[in-house]
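Q: Pasting in a structure now, in structure tokens, and then I'll have a few things to ask.
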Number of protein chains: 2
Amino acid sequence: MSHTLGVRQAQKLKTRRALLDAALRLLEDQSLSSLGLREVTRLVGVAPAAFYRHFRDMSDLGVALVEESLGSLHAMVRVILAERDGDEERIEATVEAVAEHVSRYPAHIRFIARERHGGVRAVREAIAAELGRFADEVAEAFAPPLTADGWSAGDVRMLAQLYVDHMVMTATAFLEARPGDGSADPEAVREVAATARRQLLLISLGRRHWRTG
Amino acid sequence: MSHTLGVRQAQKLKTRRALLDAALRLLEDQSLSSLGLREVTRLVGVAPAAFYRHFRDMSDLGVALVEESLGSLHAMVRVILAERDGDEERIEATVEAVAEHVSRYPAHIRFIARERHGGVRAVREAIAAELGRFADEVAEAFAPPLTADGWSAGDVRMLAQLYVDHMVMTATAFLEARPGDGSADPEAVREVAATARRQLLLISLGRRHWRTG
DNA sequence: AAAGTCGGCGAACGGTTGTTTACTGAATGA
DNA sequence: TCATTCAGTAAACAACCGTTCGCCGACTTT
């Protein structure tokens with residue numbers, strides 16, 4: 001019995017989507033704590049009061065955006081971790097995947113980068129929790145071969161954190177490599193990619209020699 | 001003839017200081033783009049119009065805060081680079097210096113972390129420029145022994161960037177290890193320090209084996 | 001077909017915002 | 001000493017804000 005979602009609820013989801021999209025667009029040039037409720041409803045073409053049918057306030061909408069933004073990233077990370085090649089090929093795949101993700105969802109990445117340390121507590125905490133889950137997952141994926149080499153759980157965790165933080169760093173670097181209007185400067189993008197690759201290579205070099213040389 | 005700064009100009013600098021301090025304090029709980037001019041003048045106890053005697057607008061004040069915040073960090077970085085010990089001792093000194101700096105100027109660090117990707121273009125650019133200068137300086141300090149080992153200028157630069165970004169990362173991690181009220185959770189602080197040390201150790205391990213095995 | 005649900009509307013509310021204006025009075029310099 | 005400079009003031013401005021209210025009318029359930 002798939003219910004195909006009655007006309008009513010479908011419409012509601014539609015304007016909810018529109019609100020989220022409008023907010024995401026406006027957040028490309030400002031931060032969440034300065035984004036007005038009326039600004040969003042105005043862009044959607046809906047009365048200010050309608051906002052309350054979907055979100056309690058702006059920080060509530062912000063938390064929803066966090067889940068959405070990091071959800072897509074989550075899928076990407078899983079795919080990368082499934083790669084079973086050697087270090088260098090894995091690095092290549094990672095950097096390319098991040099680059100593609102940034103150029104596909106720039107507003108999402110910008111939102112995360114901006115609000116990770118932004119002025120809205122609930123949103124900060126949601127982002128921190130989600131990134132922590134990423135680190136757990138990365139740690140879990142890297143653990144088997146490393147623990148066999150005598151790595152402690154703490155060491156694995158710090159490596160995973162380094163990887164996740166570096167991924168966020170790289171993503172925002174890709175973001176800054178594109179001018180405000182949307183199109184990317186190809187040379188700057190290549191340079192960011194080259195730097196990220198070299199840094200990851202250096203890290204994996206350190207990992208191979210960790211407490212063995 | 002040192003002029004000891006006439007009474008008039010001294011008073012002006014004093015209220016300018018007060019404006020900057022008030023803004024910095026208010027920015028602990030919100031971001032620059034949502035900070036109101038009147039909020040700041042109200043906290044200082046001065047008429048709103050007085051603000052314009054010192055700054056053109058809020059983003060102007062923000063740029064002034066950037067210079068001030070990263071100025072103190074700059075001095076710290078210079079001191080660390082002067083250390084001439086081995087890797088491990090240098091790492092120890094670095095992490096400790098960052099920790100102390102964060103606990104001495106938490107508001108400055110929070111401001112930088114928050115506005116680095118924040119909603120005010122001029123401030124973002126000022127921070128990026130200053131951090132770029134940091135990376136240059138680090139690169140210059142590390143260059144001699146590395147180029148002797150066959151490192152290219154690009155490789156040195158990417159290592160310096162990794163160090164600077166990691167420093168900022170560590171500083172904000174220290175910041176998050178303290179509850180909102182100001183006092184720090186000693187255990188969380190120790191854990192951040194331990195993670196940072198291990199990550200730097202891993203990086204320096206990678207550096208030693210860079211294109212040599 | 002009737003009764004009920006509920007997403008969106010329009011208007012109003014008190015409050016806050018950035019900015020301009022003409023002003024005062026103390027520090028300044030001739 | 002006297003004219004000038006200028007940091008800070010008080011008041012007014014229109015524009016905007018978040019939030020509440022009752023109401024409508026299309027969908028949904030009985």
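The values are calculated or read from the model by the stated rules, or taken from the named source; none is laboratory data. This one's a predicted model, so the numbers in the text were calculated from it and none came from an experiment. Positions of Cβ are generated from backbone atoms using ideal geometry, with glycine treated the same way; all protein chains shown enter the neighbour counts. What goes into the accessible areas is simple: the full protein's heavy atoms, side chains included, and nothing from ligands, DNA or RNA. Shrake-Rupley method; radii C 1.70, N 1.55, O 1.52, S 1.80 Å.
Q: Please specify each residue of segment A:159-198 satisfying the condition of being within 19 Å of B:Ala160 (Cα to Cα) and within 7 Å of chain B (Cβ to nearest Cβ).
A: A:Leu162, A:Asp165, A:Met169, A:Thr172, A:Thr195, A:Arg198
Q: Continuing with this model, one more query. Among A:Glu39, A:Glu28, which is of a type in the set (D, E, K, R), within 14 Å of another protein chain (Cβ to nearest Cβ) and within 19 Å of A:Arg124 (Cα to Cα)?
A: The unique qualifying residue is A:Glu28.
Q: Related question: Those residues that are within 11 Å of DNA strand C (Cβ to nearest atom) and more than 14 Å from B:Met58 (Cα to Cα), I need them from segment B:1-38; list them, please.
A: Matches in segment B:1-38: B:His3, B:Thr4, B:Leu5, B:Gly6, B:Val7, B:Arg8, B:Gln9, B:Ala10, B:Gln11, B:Lys12.
Q: Surrounded by 14 or more Cβ atoms within 10 Å (Cβ to Cβ) and either within 11 Å of DNA strand C (Cβ to nearest atom) or more than 23 Å from B:Ala122 (Cα to Cα) (or both): is that true of B:Val46 in this structure? If you could, list the steps in order and put the result at the bottom.
A: Numbers: surrounded by 14 or more Cβ atoms within 10 Å (Cβ to Cβ): yes; either within 11 Å of DNA strand C (Cβ to nearest atom) or more than 23 Å from B:Ala122 (Cα to Cα) (or both): yes.
Here the answer is yes, as B:Val46 does meet what is asked.
Q: While we're on this one: Sort through A:Leu201, A:Leu205 and tell me the only one that's open to solvent by 20 Å² or more (accessible area, probe 1.4 Å) and within 11 Å of chain B (Cβ to nearest Cβ).
A: A:Leu201
Q: Report yes if some residue within segment B:111-119 is buried (at least 16 other Cβ atoms within 10 Å of the Cβ) and more than 12 Å from every other protein chain (Cβ to nearest Cβ); otherwise report no.
A: No, segment B:111-119 contains no residue that is buried (at least 16 other Cβ atoms within 10 Å of the Cβ) and more than 12 Å from every other protein chain (Cβ to nearest Cβ).
Q: A further question follows. Counting only residues that are of a type outside the set (D, E, K, R) and without any contact (Cβ under 8 Å) to a residue 24 or more places away in the chain, which one in segment B:43-63 is farthest from DNA strand D (Cβ to nearest atom)?
A: Here the answer is B:Leu43.
Q: Right, next: Within segment B:53-83, how many residues are more than 16 Å from DNA strand C (Cβ to nearest atom) and open to solvent by 50 Å² or more (accessible area, probe 1.4 Å)?
A: Of the residues in that region, 7 qualify.
Q: Can you name every residue in segment A:184-213 that is farther than 26 Å from B:Arg211 by Cα and more than 20 Å from the chain's Cα centre (by Cα)?
A: Result: A:Asp185, A:Pro186.
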